[in-house]
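Reviewing the structure listed below.
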Amino acid sequence: MNIQEERTTLTATAGEGTQQRQRPTTRTRRTTGQNRRVTVKAEGDRERAPRQRVQGEGTERRQGNRGPRRPQRTNTSVEKQEQTPRTHVRKDKLQIIPLGGLGEIGKNMTIFQYGDDIVVLDAGLAFPENDMLGVDIVIPDMTYLIENKDKVRAVVITHGHEDHIGSLAYLLKEINVPVYATNLVCGLIEGKLKEHHVKAKKLQIVKAGDEFKIGCFKVGFIQTNHSIPDACAIFLETPVGTVVHTGDFKVDQTPVDGKLMDVHKFAELGNKGVLALMSDSTNVEKPGFTPSESSVGPAIMRAVAEATGRVILATFASNVSRLQQAIDAAVATKRKVVVLGRSMVNVTEIAQERGYLTVPEGTIIGDDEMNRYRADEIMILTTGSQGEPMAGLSRMSTNNHRTVEITPNDTVIISATPIPGNEAAVGRTIDNLLRQGAHVVYGKDRGIHVSGHGSQEDLKTMLNLVRPKFFIPVHGEYRMLKKHGELAVSMGIVKPSNVLVGDNGQIFEFTTRTGRLAGRVPAGKVFVDGLGVGDVGNIVIRDRQQLAQEGMVVVVMAMDRASGTIVAGPDMLSRGFVYVRDAEELLSEAQRRVDAAVEKCEMDHIKDWTTIKTVVRDTLGKFFYEKTRRRPMILPIIQDV
Ligand SMILES: [Zn+2]
Ligand SMILES: [Zn+2]
């Protein structure tokens, strides 16, 4: 075991994390409980080595020193990374480089580069997996963009979901370039940037149908349908041909906002000839068409009409068409609407301001006015449809909500299906609501939710309209990308050799006639924890997991540096390892062993701290494992006196 206790003393300076580099440091600080100066020598901040990339080579190297341990359960999804020279830009070639969204669902970001011009499409985030302890969000590794800062001309955004705009503030902090997006998206972005104290150089509202020049590219926005208004596909006319990126989409023949997908534009581009299509693979495993958003309205109406008391409806805040249909049902049944949850309040306000949500005057009331109405005159719109512990519905379900207490007369409508990974949390929320006696309407068969992503027939429609020469499936895990490729081939539209499946960091390189995988740029997950961006990497996460699962044992001793004698200690203390009162025997035997080990070092005239620490760690590590089959983190601390 080689745990770097020194790391614990490095000041985790928020914000400047990304600037930190490898440098051996010597720091003095006071340890708690000991009012003596302690010099702690840091061996160098290795885990931050190559630009905080999660799977940087530094991380791999470190792993080797850690000695025998149980199989790691960290990030099995982390792909191996190649380092490539950064001189792969060729004047006559278009390079498409996804930094996120390939081999995963989330943190979408794609680079289009020709010569000295780069356009970035989307800047999204992903939510951490359960084993990423303490991580708030995950964003793409933007090293390549930062290194090519002066070439970046603009960011274009397909739609306003977090996995498409969630890392924009982090990008703009590094490279402040103009951002182009539709009206609602700009509203959502403005709020986000304000939170991060970032001022966009230019936030340009565009409409579907707009076309303009950015560097050597002509860029155009095309109306599609999705689970948020004004979702667009984006096409780029490049010197080697046209590329179409669908963004997230489905084909909705009866969208609630009446904005039909612009099939004509896709067909027009297809007729003129499209070099490459990049298309959403999220629902490629689902046969058939994804139902229209407007099919949800009657189902919600039915559930609301049947409710004898209050209606509490939970859905995704950003699904404005869903909110519209819920509000319509409330109006039809003469209910007032109370909006709860920060994001729900935020989106309803922005959507109303910008004309995406039509609400008759006096319909929305404050939560403080709720008591003036009978239960059957109220509909509550809330967040928490994914069982998020801090969101409205989950709090209500455990009787922890500020204003709403569930009663047996309530009807709760969950107008969403759990995103993979959230099933258990959603299940728990439903259980808790039922325990409180509420009537809960949920599940696929009730028709109260449809997906915003196209199923196989939607995807085929897109392929058929665009008829690309090359096809790059995007937005999906690897198997989905593969399947989407097969779908394109099965239609006879794309040659098998022209289906290009890659992962994040892959360079897809095109000339007017050819397309191929050509090298890589750095890509991976950057963890954001509090204000720190990228300062938490795999090693920190592994330590957190070890601490969480096995606890820790600290061994403190004081050494007279000149003579090499231990003048105090070793003293042991533990946290989260064993319950000390019930483990006296174990701990006193451990104490005896560590005493003996340190004594032996003294007798052998070993003055080197690293060696002594290793001896302590090995001795205790072996002993604890023998006796308990546990591997607590062991932190030897030597004080210089
Ligand atoms: Zn989306
Ligand atoms: Zn998405």
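The values are calculated or read from the model by the stated rules, or taken from the named source; none is laboratory data. All figures in this text were calculated on a predicted structure; none of them were measured in a lab. No Cβ is skipped: glycine too gets one built from the backbone with ideal geometry, and neighbour counts run over all protein chains shown.
Residue-wise test of (1) surrounded by fewer than 17 Cβ atoms within 10 Å (Cβ to Cβ); (2) among the small types (Gly, Ala, Ser); (3) closer than 22 Å to residue 512 by Cα.
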site: 439; (1), (2), (3): no, no, no
site: 464; (1), (2), (3): yes, no, yes
site: 481; (1), (2), (3): no, no, no
site: 485; (1), (2), (3): no, yes, yes
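Anything in region 456-501 that is among the polar types (S, T, N, Q) and either touching a Leu at 6+ places or on another chain (Cβ under 8 Å) or in the same structural domain as residue 315 (by TED's automatic domain parsing) (or both)? List them, or say none.
Passing the criteria: only 456.
Which ones in region 211-246 are assigned to a loop (DSSP other than H, G, I, E, B) and more than 25 Å from the chain's Cα centre (by Cα)?
Answer for region 211-246, where residues must be assigned to a loop (DSSP other than H, G, I, E, B) and more than 25 Å from the chain's Cα centre (by Cα): 215, 216, 239, 240.
Residues in region 247-269 that are in a loop (DSSP other than H, G, I, E, B) and not β-branched (Val, Ile, Thr): how many?
Residues flagged as in a loop (DSSP other than H, G, I, E, B) and not β-branched (Val, Ile, Thr) within region 247-269 amount to 12.
Among the listed residues 400, 409, identify the single one that is in contact (Cβ under 8 Å) with a residue 12 or more places away in the chain and either within 16 Å of ligand 2 (Cβ to nearest atom) or of a type outside the set (Val, Ile, Thr) (or both).
Matching residue, one of 400, 409: 409.
Among the strands (runs of 3 or more DSSP E) lying completely within region 513-572, list those that include at least 3 residues that are within 27 Å of the chain's Cα centre (by Cα).
The qualifying strands (runs of 3 or more DSSP E) are 515-520, 525-529.
In region 248-269, which residue that is of a type in the set (D, E, K, R) and closer than 30 Å to residue 449 by Cβ is farthest from ligand 2 (Cβ to nearest atom)?
Taking the candidates together, the pick is 265.
Out of the residues in region 195-230 that are among the polar types (S, T, N, Q) and buried (at least 19 other Cβ atoms within 10 Å of the Cβ), which is nearest to ligand 2 (Cβ to nearest atom)?
Filtering first and then ranking leaves 227.
Condition check ((1) touching a strand residue (DSSP E or B) at 6+ places or on another chain (Cβ under 8 Å); (2) surrounded by 23 or more Cβ atoms within 10 Å (Cβ to Cβ); (3) free of Cβ contacts under 8 Å to residues at least 24 places away in the same chain; (4) not hydrophobic (A, V, I, L, M, F, W, C)) across all residues:
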{"site": "313", "(1), (2), (3), (4)": "yes, yes, no, no"}
{"site": "321", "(1), (2), (3), (4)": "no, yes, no, yes"}
{"site": "352", "(1), (2), (3), (4)": "no, no, yes, yes"}
{"site": "371", "(1), (2), (3), (4)": "no, no, yes, yes"}
{"site": "374", "(1), (2), (3), (4)": "no, no, yes, yes"}
{"site": "385", "(1), (2), (3), (4)": "yes, yes, no, yes"}
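Conditions first: (1) of a type in the set (D, E, K, R); (2) out of contact with any Asp or Glu (no Cβ under 8 Å at 6 or more places or on another chain); (3) away from ligand 1 (no atom under 16 Å from the Cβ). Residue 230 passes all but one, so which condition is the exception?
(3)
Which of the residues belonging to region 235-247 are within 14 Å of ligand 2 (Cβ to nearest atom) and of a type in the set (Val, Ile, Thr)?
246
For region 167-221, give me each residue that is of a type in the set (D, E, K, R) and either more than 12 Å from residue 155 (Cβ to Cβ) or in contact (Cβ under 8 Å) with a residue 60 or more places away in the chain (or both).
Correct list: 173, 190, 192, 194, 195, 199, 207, 210, 211, 213, 218.
Out of all the residues in region 460-492, which are within 16 Å of ligand 1 (Cβ to nearest atom), farther than 22 Å from residue 241 by Cβ and either assigned to a helix (DSSP H, G or I) or more than 26 Å from the chain's Cα centre (by Cα) (or both)?
The answer is 480, and nothing else.
Just name the residue that is surrounded by the fewest Cβ atoms within 10 Å (Cβ to Cβ) out of those in region 142-160 that are of a type in the set (A, V, I, L, M, F, W, C) and away from ligand 1 (no atom under 16 Å from the Cβ).
Only one residue fits best here, namely 146.
Checking residue 395 against (1) closer than 16 Å to residue 309 by Cβ; (2) of a type in the set (D, E, K, R); (3) buried (at least 20 other Cβ atoms within 10 Å of the Cβ), only one condition comes out false. Which one?
The single condition residue 395 does not satisfy is (1).
Quick check: is even one residue across region 270-283 outside any strand (DSSP E or B), in contact with a Pro (Cβ under 8 Å, 6 or more places away or on another chain) and within 16 Å of ligand 2 (Cβ to nearest atom)?
yes
Return yes when residue 507 is among the β-branched types (Val, Ile, Thr) and in the same structural domain as residue 115 (by TED's automatic domain parsing) and no when it is not.
Criteria met by residue 507.
Can you tell me which residues in region 97-115 are under 20 Å from residue 150 (Cβ atoms) and within 14 Å of ligand 2 (Cβ to nearest atom)?
Once the filter is applied, which keeps residues that are under 20 Å from residue 150 (Cβ atoms) and within 14 Å of ligand 2 (Cβ to nearest atom), region 97-115 yields 109, 110.
Within region 286-334, how many residues are over 19 Å from residue 418 (Cβ atoms) and part of a strand (DSSP E or B)?
1
Scan region 138-167 for residues that are closer than 23 Å to residue 184 by Cα and either of a type in the set (Lys, Arg) or within 14 Å of the chain's Cα centre (by Cα) (or both) and jot them down.
139, 153, 161, 162, 163, 164, 165, 166, 167
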